[in-house]
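K.L.:
Mind looking over this structure? Questions follow.
The values are calculated or read from the model by the stated rules, or taken from the named source; none is laboratory data. Please read these numbers as outputs of a predicted model, since none were measured by experiment. When we count neighbours, we look across all protein chains shown, and the Cβ atoms used for this are built from the backbone with ideal geometry, even at glycine. For the accessible areas, the whole protein counts, side chains as well, though only heavy atoms, and no ligand, DNA or RNA atoms are used. Shrake-Rupley method; radii C 1.70, N 1.55, O 1.52, S 1.80 Å.
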Amino acid sequence: MIMDFQVVVLAGGVSKKLLPLVSKEIPNALLPVANRPVISYVLELLELSNLKDLIVVVEGEDAALHVGGWISAAYADRLHVEVAAVPEDVGTAGAIRAIAHHLTAKDILVVSGDLVSDVPLGAVAATHRRHDAVVTAMLCSAPVSGPSESGSSGGKDKTKKPGRYNLIGLDPTQQFLLHIATGAEVEKDLRVQKSILRAAGQIEIRADLMDAHLYAFKRSVLQEVLDQKGTFHSLKHDVLPYLVRSQLKSEALLNGISQVEENGTEKIIAQSSQQMLSQILANASEQTFHQRYVLGPNGTSFRKTHKCCVYIAGSNKYCARLNSIQAYSDINRDVIGEANHLSGYSFSAHNNIIHPSAELGAKTTVGPHCMLGEGSQMGDKCSVKRSVIGRHCRIGANVKVVNSVVMNHVTIGDCCSIQGSVICSNVQLQERAVLKDCQVGAGFVVAAGSECKGEILAKK
């Protein structure tokens with residue numbers, strides 16, 4: 001059943017939100033989480049679900065070459081992956097438009113390349129098929145991001161409270177998506193269409209769920225919407241809300257003329273509205289409120305509707321998107337911490353991973369929830385807590401690393417202290433440098449004795 005889904009992984013390009021962590025050489029998809037590129041988490045999840053035929057869409061030719069090179073080396077015999085480069089900043093809808101001619105299957109699974117999750121994708125696909133939906137969106141518990149109890153993790157975002165990610169309206173059975181507000185709309189007044197509210201009978205508004213940016217689409221409908229709506233830029237902000245708004249009038253959509261007014265509130269058709277209303281209310285108690293009659297000019301005609309469904313992940317499942325510096329710190333912390341089953345490594349009895357080739361000096365301690373990569377060396381009397389240290393790093397004596405991510409080939413001089421920071425590859429910290437809540441871009445040299453707090457240090 002799941003085999004005939006075509007999978008599109010939207011891997012993005014070099015996101016401004018992730019500077020200075022990303023670059024032409026390390027685009028979003030290759031940012032390391034627990035010492036492996038973030039896109040590997042989605043690829044392994046797909047492989048586990050037996051979805052092995054993928055199109056990975058990358059923004060920008062350079063980024064696409066790097067991502068394609070890494071995937072073909074890492075997954076040569078395991079997955080069949082086509083990497084497609086699209087122009088930068090086309091948006092998620094534009095990315096699908098650009099590769100639309102490659103899409104032939106009845107249903108398409110679209111997943112963001114920055115998703116780190118253990119939700120079984122087969123279950124999302126099965127929900128989609130069971131309801132014959134035009135779209136099925138995966139929703140999961142909104143993460144409470146921010147500093148961990150033991151000191152902060154990541155730069156300027158420390159004061160952020162858990163955001164309201166989305167306002168999501170569900171029917172009483174929690175199977176159908178009746179309303180979605182994302183981004184700036186979350187702060188505006190709530191406007192729900194009368195026709196949808198009437199048909200469903202009641203609507204439950206949830207603010208504790210996050211749209212995980214994993215969608216199953218009926219291909220014919222997705223392509224039609226993208227063709228007709230040339231200005232649609234985003235699947236999440238344009239395509240999904242449009243399909244949700246127009247679900248009781250889908251014949252209009254599918255015949256190429258849309259009766260949904262662009263502002264999303266619609267004119268209620270007045271004809272014999274009494275009869276129509278009683279029919280809707282009769283259906284409201286059944287879960288498939290979509291099947292309803294509308295009176296046409298010549299008596300009763302059955303009118304097709306379309307279904308927008310949800311798959312709500314269990315609260316015990318992990319689900320996060322690496323779409324900010326704060327998320328980068330949080331996800332690294334989780335994948336070597338309570339969600340370490342996602343890392344793909346087996347942790348030691350001390351609940352950490354020290355590569356057999358790594359070398360530790362005398363009286364150096366690596367605590368639980370830590371990772372020390374291949375070929376890295378640490379001097380005497382160092383302490384590492386809740387941090388990831390990459391491959392082939394050279395770390396001097398009396399160095400403290402807490403709640404931080406240190407990428408590959410980093411050199412750290414004696415008596416440095418690093419807390420709540422992200423240090424990119426090939427950085428050099430000279431002795432006695434102190435960093436708190438900083439991000440240091442690739443190849444940067446931090447001068448001896450520097451003290452930095454909440455700064456972004458990167459080559460100009």
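K.L.:
Express the carbon and sulfur contribution to the solvent-accessible surface of the stretch 313-453 as a percent, rounded to the nearest whole number, probe 1.4 angstrom. If you can, show how the numbers build up before the last one.
P.N.:
Values: 2700 of 5690 Å².
Answer for the stretch 313-453: carbon and sulfur cover 47 percent of the accessible area.
K.L.:
Which peptide among 21-30, 123-132 comes first, and what is the full order, when sorted by highest mean count of other Cβ atoms within 10 Å? Mind dumping the intermediate values first?
P.N.:
Numbers: 21-30: 22.0, 123-132: 18.0.
Going by the mean number of other Cβ atoms within 10 Å, highest first, we get 21-30, 123-132.
K.L.:
Which listed residue (Val388, Ile354, Thr365) has the Cα farthest towards the positive end of the charge dipole for the stretch 326-393, taking +1 on Lys and Arg C-beta and -1 on Asp and Glu C-beta about the Cα centre?
P.N.:
Farthest towards the positive end: Thr365.
K.L.:
Right, something else. Starting from the Cα-Cα distance between Glu204 and His233, subtract it from 0.36 nm times their residue separation and give me the gain in nm to one decimal.
P.N.:
Values: separation 29, 0.36 × 29 = 10.44 nm, distance 2.82 nm.
Extra length from Glu204 to His233 when fully extended: 7.6 nm.
K.L.:
What number does the stretch 317-438 give for Rg over Rh if you use C-alpha atoms and the Kirkwood radius? List each step's numbers first, then the result.
P.N.:
Working: Rg = 13.5 Å, Rh = 14.2 Å.
Rg/Rh: 0.95.
K.L.:
Find the centroid of the Cα atoms in the stretch 190-254 and in the stretch 1-53, then give the distance between the two in whole Å.
P.N.:
25
K.L.:
Could you pull the Rg and Dmax for the stretch 174-252, using just the Cα atoms, both in Å?
P.N.:
13.1, 34
K.L.:
Please list, in order along the stretch 23-40, the HN-Hα scalar couplings obtained from phi with the Karplus expression 6.51 cos²θ - 1.76 cosθ + 1.60 (θ = phi - 60°), rounded to whole Hz, x for Gly and Pro.
P.N.:
With the stated coefficients, the stretch 23-40 comes to 7, 4, 6, 10, x, 2, 5, 9, 4, x, 10, 6, 6, 9, x, 4, 5, 5 Hz.
K.L.:
Here's another thing I want to ask about it. Over its Cα atoms, what ratio of radius of gyration to 2.2 N^0.38 Å does the stretch 175-215 give?
P.N.:
Working: Rg = 11.3 Å, N = 41, 2.2 N^0.38 = 9.0 Å.
Compactness ratio reported: 1.25.
K.L.:
Quick one: what do you get for the stretch 370-409 if you divide its Cα Rg by 2.2 N^0.38 Å?
P.N.:
The stretch 370-409 yields a ratio of 1.00.
K.L.:
Let me ask something additional. Calculate the all-directions average of the projected area of the stretch 55-141's alpha-carbon convex hull, and give it in nm².
P.N.:
Taking the Cα atoms of the stretch 55-141, their convex hull projects to 6.9 nm² on average.
K.L.:
Starting from the amide H of Ile180, placed 1.01 Å from N in the peptide plane, find each other amide H under 5 Å away whose residue is 5 or more places distant or on another chain.
P.N.:
Correct list: Gly169.
K.L.:
Another question about this same structure. What residues qualify as long-range amide H neighbours of Glu359, i.e. H under 5 Å apart, gap of 5 or more or another chain, H built at 1.01 Å from N?
P.N.:
Under 5 Å from the amide H of Glu359: Ser376, Gln377, Met378.
K.L.:
A further question follows. How large is the Rg to Rh ratio of the stretch 1-96 when both quantities use alpha carbon positions and Rh follows Kirkwood?
P.N.:
Rg/Rh for the stretch 1-96 comes to 0.96.
K.L.:
Going by average Cβ neighbours within 10 Å, how do the peptides 192-200, 113-121 rank, with the highest at the top?
P.N.:
On the way: 192-200: 19.1, 113-121: 22.6.
Those peptides, ordered most packed to least, come out 113-121, 192-200.
K.L.:
Taking the square root of 5 times each eigenvalue of the Cα gyration tensor, what semi-axes in Å does the equivalent ellipsoid of the stretch 369-451 have, largest first? Walk me through the intermediate numbers first.
P.N.:
On the way: eigenvalues 47, 36, 32 Å².
Over the Cα atoms of the stretch 369-451, the semi-axes work out to 15, 13, 13 Å.
K.L.:
Enumerate the calculated ³J(HN,Hα) couplings along the stretch 329-336 in order (Karplus 6.51 cos²θ - 1.76 cosθ + 1.60, θ = phi - 60°), each rounded to whole Hz, writing x wherever the residue is Gly or Pro.
P.N.:
So the Karplus estimates, Gly and Pro as x, are 5, 4, 5, 4, 4, 5, 6, 9 Hz.
K.L.:
If you place +1 on the Cβ of every Lys and Arg and -1 on the Cβ of every Asp and Glu, how big does the dipole about the Cα centre of the stretch 1-108 come out, in debye to the nearest 20?
P.N.:
On the way: 8 positive and 13 negative charges, 46 e Å.
Using only the charged Cβ atoms, the result is roughly 220 debye.
K.L.:
Evaluate E = 1/(1 + (r/R0)^6) for Glu187 and Ala76, where r is the Cβ-Cβ distance and R0 equals 51 Å; express this FRET efficiency to the nearest 0.05.
P.N.:
Values: r = 47 Å, r/R0 = 0.93.
It comes to 0.60.
K.L.:
How are the Cα pair distances of the stretch 346-402 distributed, in percent, across 5 Å bins from 0?
P.N.:
All Cα pairs considered, the percentages come to 6, 21, 33, 31, 8, 1.
K.L.:
Next up: Fully extended, how many nm does the chain gain between Thr104 and His392 (0.36 nm per residue separation, minus their Cα-Cα distance)?
P.N.:
Numbers: separation 288, 0.36 × 288 = 103.68 nm, distance 4.47 nm.
Additional length available on full extension: 99.2 nm.
K.L.:
Counting residues in the stretch 56-105 as N, plug N into 2.2 N^0.38 Å and put the Cα Rg over that result. Spell out each step's value before the answer.
P.N.:
Details: Rg = 11.5 Å, N = 50, 2.2 N^0.38 = 9.7 Å.
In units of the globular-protein estimate, the stretch 56-105 measures up at 1.19.
K.L.:
Also: Roughly how big is the stretch 358-460's charge dipole about its Cα centre, with Cβ charges of +1 (Lys, Arg) and -1 (Asp, Glu), in debye to the nearest 20? Intermediate results must be reported in sequence, preceding the final value.
P.N.:
Values: 12 positive and 8 negative charges, 30 e Å.
That gives the stretch 358-460 a dipole magnitude of about 140 debye.
K.L.:
A further question on this structure: Viscosity 1.567 mPa s, temperature 4 °C: give me the Stokes-Einstein translational D for the stretch 395-434 in µm²/s, with Rh taken as the Kirkwood radius over C-alpha pairs. The partial results should precede the final answer.
P.N.:
Values: Rh = 9.8 Å.
D = 132 µm²/s.
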